[in-house]
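No lab work stands behind these numbers, since they all come straight from the coordinates. Just so we're clear, the structure is a prediction, and the values are computed from it rather than from any experiment. Here the Cβ is made from the backbone with ideal geometry for all residues, glycine too, and neighbour counts use every protein chain on show.
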Amino acid sequence: MNKVLDGILYNPTHEWAQIQGDVATFGITAFAASQLGTVVFVDLPALGAKVVQNKEFGAVESVKAASDLFAPLSGLVVAVNDDLVGDPEAINKDAFGAWMIKVKIAAPAELKNLLSPDQYRAVSK
Amino acid sequence: MDEVRKTCLYDKHVALGAKMEPFAGWLMPIEYTGIIAEHTAVRTKSGMFDVSHMGEIMVKGPDALRYIDYVTTNEIASKPDGKVVYGMMLYPNGTVVDDLLTYKVSATELFLVVNASNVAKDYAWLVEQTEGFDVVVKNLSDEYGEVAVQGPATEALLRTIMGIELSDLEAFTFKHVWWDGHDLLVSRTGYTGEDGFEIYADPVATNEVWDVLLASKEILPCGLGCRDTLRFEAALPLYGHEISDEITALEAGLGFFVKLDKPDFIGKGVLVEQKNGSLKRKVVGIELTEKAIPRAHYEVYSGETKIGYVTTGYLSISAGKPVAMALLDLAYTAMGTPIQVQIRNKRIPGFVRDKKFFKKSYKPKGDKANE
């Protein structure tokens, strides 16, 4: 359940970012998904929206509560995983497979603020 | 804040792997297998809840009936022994001290069941109101555990599993059942909108009841998470949400449980004024027309005007729709009135509707005070 993938970066607020060239893909970690319980609703930004590092870009909601999503990096939204809206429980089944948005990275210098897999393992214990 | 308390069933919850969280000063199970599965078990078959955190208060004395009809909104004096009546205790300004069930043991003895979060406050309030009445008020909360067993199959399951016959109990009545050497107080009551029972007993007996029901594997252990989604769909109020010391009984839309024709009760004056036209806001149902979840405390708007706030809201498990109860200015409470709910940075459109959030299959029989 507390799986932490290597090869990607993490926010201390339990989002992950996979970097491919100048595009970053965001999602939430398996740890976050297990803490939330069954996800029943995902609120994601629109294509073309601007997201800012550590600022809210949407929310995941369980039956009981809404949790804000915080952007690991700043940039413009270039893709949105609309399938999640119809099947939010995919996040519980495979949190690292259930990507939320892709962002064109605006400030590569922000990468240094993210946690390595080992650092995140320590945070999510 | 005092340390978090544990009910007499705490170890059982931990052994079952329940997600435990503090609630009203108690460490309580929020969910075992998951809120949706537990919610569905109660709607379709049967689920059991540890509600031992609830408060039990005894009122005894020659003036018990006159006293209770003065400190609560409903009317108990004329009811037969064995009846359970839902009502509220109000402050003189009409806002709510707590809501409660009154069990009429006899003309001189009443058993009150109050919210866990309010036990100390309620007990102090009740004692304060005894002046001029020949009654004794005693807080028995530590002596009782309570298991609520709820759902359409419950009566039959309790017969086969525990060997107790409850078909003679009408809705909102209670009786004592002698079971396996224990005295159980069993009422046909609940907080889910389904048929079901609440079983009060000492901690030892409560553990035995829990164990035998669990061992049957027919009744699913259910946490406070689904207790809230179930009571919400049935539009049953929760203290601190639909009722509080800032919301009057009539603002909460609970006029049915307020007997304004009684000679006197605490809070009556203000409620009579509200009934006669001074009511300014009211709890109503709302439904959103876009998918989003309206949650407690979110603001409700009509255009640029803030008209109230959500008291409880969910993506209804039974109906699959985003619905809520909301306390709105009276001018906006007509059925169908368009409203918007502020959800994060968006205004999500919706409309005012009734509070029947799911199709009830349970029709209480024989109940006049609480229907």
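The orientation-averaged shadow of the Cα convex hull for segment B:255-353, equal to a quarter of the hull surface, comes to 7.4 nm². All Cα-Cα separations within segment B:59-187 were binned at 5 Å from zero, giving a P(r) of 2, 9, 19, 22, 18, 14, 9, 5, 2, 0, each value a whole percent of the pairs. Please say if segment B:52-119 is rounded, prolate or oblate, where rounded means a/c under 1.5 for a ≥ b ≥ c the square roots of the C-alpha gyration tensor eigenvalues, and otherwise the choice is prolate for a/b larger than b/c and oblate otherwise? Note, shape of segment B:52-119 comes out oblate.
Taken residue by residue and averaged, Cβ atoms of other chains lying within 10 Å of the Cβ of B:27-38 number 2.
Taking label points 7 Å from Cα along the Cα-to-Cβ direction, A:L47 and B:V212 give a separation of 6.3 nm. You can think of it this way: the chain between B:K6 and B:W178 has 59.3 nm of extra reach, that is 0.36 nm per residue less the Cα-Cα gap.
Net length available on complete extension from A:A107 to A:D83 is 5.8 nm, with 0.36 nm assigned per residue and the Cα-Cα distance removed.
Taking each residue as 0.36 nm, the span from B:K280 to B:S167 lengthens on full extension beyond its C-alpha to C-alpha distance by 36.3 nm.
Here the simple spin-label model places points 7 Å from the Cα toward Cβ, and for B:K359 and B:E290 these points are separated by 3.0 nm. Which of the listed residues, B:F133, B:G61, B:V96, is farthest toward the dipole's positive end in segment B:56-139, when Lys, Arg count +1 and Asp, Glu count -1 at the beta-carbon? Working it through, the farthest residue towards the positive pole turns out to be B:G61. Across segment A:3-125, Cα-Cα distances exceeding 24 Å account for 18% of all pairs. Compute the Cα gyration tensor for chain B, then decide on rounded, prolate or oblate, letting a ≥ b ≥ c be the square roots of its eigenvalues: rounded whenever a/c is under 1.5, prolate when a/b is larger than b/c in the other cases, and oblate in all that remain. Here chain B falls in the oblate category.
Here B:K262 is the anchor, and the lysines within straight C-alpha reach of less than 22 Å, apart from those fewer than 8 places off in the same chain, are B:K60, B:K79, B:K83, B:K104, B:K275, B:K368. Within 12 Å, Cβ to Cβ, of A:G21, how many net charges do the neighbouring residues add up to if Lys/Arg are +1 and Asp/Glu are -1? Its environment carries a net charge of +1. Here is the P(r) of segment B:85-143: all C-alpha pair distances, binned every 5 Å from 0, give 4, 16, 28, 31, 17, 4, 0 in whole percents. In this label model, B:V14 and B:E246 are separated by 3.7 nm, measuring between points 7 Å along each Cα→Cβ vector.
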